[in-house]
Amino acid sequence: MVTSQLPIQLYLAEQVRQGEQLAAQAMQLEMYQLMERAGEAVFSVLRQHCPEAQSLLICCGGGNNGGDGYVVARLARESGMTVRLWQLGCAERLTGDAAVARDAWLASGGKIEQPEYTVPASVEVVVDALLGTGLKGRVREDSAALINTVNQSGCPVIAVDVPSGLCADTGAELGPVICAQSTVTFIGVKQGLCTGRAANFCGEVYFSGLGVEQAFQQQCVPSSNRITLPEIERCLPPRTRAAHKGDHGRVLCAGGELGMAGAIRLAAEACARAGAGLTAVITQPDNVLSIVTARPEIMVQGWQDKAHEISQRLEWADVIVIGPGLGQSDWSKALFFHFSACDKKMIIDADGLNLLALSPDYKNNRIITPHPGEAARLLNTTVAIVEADRYGAVRLLQQKYGGVVVLKGAGTLICDGQQIWVCTAGNPGMATGGMGDVLSGIIGALAGQDLSLSEAARVGVWIHSTAADCCAREGERGLLASDLFPYIRQLVNPR
């Protein structure tokens, strides 16, 4: 069975390579039977997406990924399609199950050709079975040339297991990468398909367990997990009928240097919309009137330099959100200093993270929510290095700063030191000012409603991204952070 509903569990490529053999043994199956099933799964997606197509090009590499391609080629030819098969490298050097698949293709009357590096005009669909998950290091020159040829053809592409050139573990580019419209992955979903640059290349991801997924899951512990609706529902049960505002958290949001009142207002309103019982703001005095006028339910206090005022509000609060619009002025640093010694639940975002990077410390009472640029400053490295291995980066951040880390971006990652979760919701329309402020407010509200820091981060990220997906039904361009508010309220009340 092939489905676009992906499992919760995600795995490293090596886990799948080892685990599929153990699973096949447990099911008393030959590995070649799994190759046949993989080819059938790809062919099923091909017919689903391109039912009228009659001319197919299969690009095969030298490993088992290429063997899967040979199975697809044979099935397509048997169905009456015109099939051309390009073998990168010498077909005679194929071994094991890939050689068996090659021989079955030849026995069916198929031919093997060397790549021409110009996709024939008659080809309607390309199947990418070049490199798969076994790619080590950079893409070689001959593979790169063929990947570029396929990408330039304009034909729809179906990738087998993982788009060639993409790292299955990190989602990073290892050279030119196949731009697929669909990717069919097997046995266990590779974690690299769900974060970072992978979103540019995978298209719609399909999964087939090849009939051994349960046996495989019994053999392997996931490297990470996707966040899904059942977890959200578990963390947000219905409120008791006798509930009052004091039961659902007092959240204090701090920030809003001069000229940046909008950021702290967005965070505070998101906090209120996500169900906080009481929401208060400490900001520059000049911001008070604009915030209260726009959202009178929020308690707003202007602050200059009176420490006792901070102490009173900190004593009142259950949860602190600091950073939206905070800036890095003397006022900003003084405010951050007063809050940094607090032992209450804390969410640090935006310029709060930049100030934390100047004086790093380790605490378990907080959630930090960096985007890749902020993560690079926190780790004293570059954005390119962070994005080259987002899973590694989120682990390093947690090890250095403690608590829970939310590494934002396509396929946001959450790490609490024990596990990593991935949010596969969200869309490019979220790349706009204020989105991070809204996220920090949502997470702060959830932390005030008896969710653990880890739960608040996971649920908050999912609600934020899913609300943005609801907004994007009207188009991704022009999506505003404040457009999420009505959907946030819906999503924190799961039916």
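Only the coordinates and a few stated rules stand behind these numbers; no lab work does. In this text, all values refer to a predicted model and were calculated from it rather than measured experimentally. No Cβ is skipped: glycine too gets one built from the backbone with ideal geometry, and neighbour counts run over all protein chains shown.
Remarks
- The chain - charge dipole about Cα centre, Lys and Arg +1 at Cβ, Asp and Glu -1, debye rounded to 20: 740
- A DSSP coil position with no more than 15 other Cβ atoms inside 10 Å describes the following chymotrypsin sites (Phe, Trp or Tyr not before Pro) in region 281-365: 362.
- Relative contact order for the chain, counting Cα pairs under 8 Å that sit 6 or more residues apart, in percent: 13
- q = 0.11, 0.17, 0.20, 0.24 Å⁻¹, region 140-211: log10 I(q)/I(0) [Debye, one scatterer per Cα]: -0.24, -0.56, -0.76, -1.04
- Whole-angstrom Cα spans of region 229-491 along principal axes, big to small: 44, 44, 35
- Calculated mean residue ellipticity, 222 nm, the chain: -12500 deg cm²/dmol, from DSSP H runs (n ≥ 4) at -39500 (n - 2.57) each, averaged per residue and rounded to 500.
- Model label zone, residue 329; criterion: amide N under 14 Å from point 7 Å along Cα-to-beta-carbon; scope region 249-263: 255-262
- Anisotropy class of region 41-95 from Cα gyration tensor, a/c 1.5 cut: prolate
- Where only alpha carbons of region 9-223 are counted, the Rg and the Dmax (Å): 15.8, 47
- Each Lys and Arg Cβ is given +1 and each Asp and Glu Cβ -1; about its Cα centre, region 261-390 then shows a dipole of about 160 debye.
- Prolate/oblate/rounded call for region 62-177, Cα gyration tensor, a/c under 1.5 rounded: oblate
- Average 1/r across all pairs of distinct alpha carbons in region 321-407, invert it, and you get the Kirkwood radius: 12.8 Å.
- Per-residue 3J(HN,Hα) values for region 177-184, derived from phi via the Karplus relation 6.51 cos²θ - 1.76 cosθ + 1.60 with θ = phi - 60°, read 10, 4, 9, 9, 8, 9, 10, 10 Hz in sequence order (x marks Gly and Pro).
- Within the straight-line cut-off of under 24 Å between alpha carbons, the lysines reachable from residue 190 are 136, 408, sequence neighbours fewer than 8 places apart in one chain being disregarded.
- Remark: region 8-25, residue by residue, has Karplus-estimated 3J(HN,Hα) of 5, 6, 10, 9, 6, 4, 5, 4, 5, 4, 6, x, 5, 5, 5, 5, 4, 4 Hz, where x stands for each Gly or Pro and the curve is 6.51 cos²θ - 1.76 cosθ + 1.60 at θ = phi - 60°.
- Crossing angle, helix 261-273 versus the chain [Cα axis fit, 0-90 degrees, rounded to tens]: 80
- Look at [x] 0.92; [y] 1.11; [z] 1.05: the one that is Cα Rg over 2.2 N^0.38 Å derived from this structure is [y].
- Against the chain, whose longest principal axis is taken from its Cα atoms, helix 31-49 shows a tilt of about 70°.
- Summary of the geometry: region 456-495 and region 280-341, compared by the centres of their Cα atoms, lie 26 Å apart.
- Sequence-distant residues sharing a close amide H with residue 185 (under 5 Å, placed H): 161, 206, 207, 208
- Lysines with Cα under 25 Å of residue 306, excluding same-chain neighbours fewer than 8 positions away: 333, 344, 345
- Between the C-alpha center of region 353-376 and that of region 236-270 there is a gap of 21 Å.
- Residues whose placed amide H lies under 5 Å from that of residue 412, excluding near-sequence neighbours: 423
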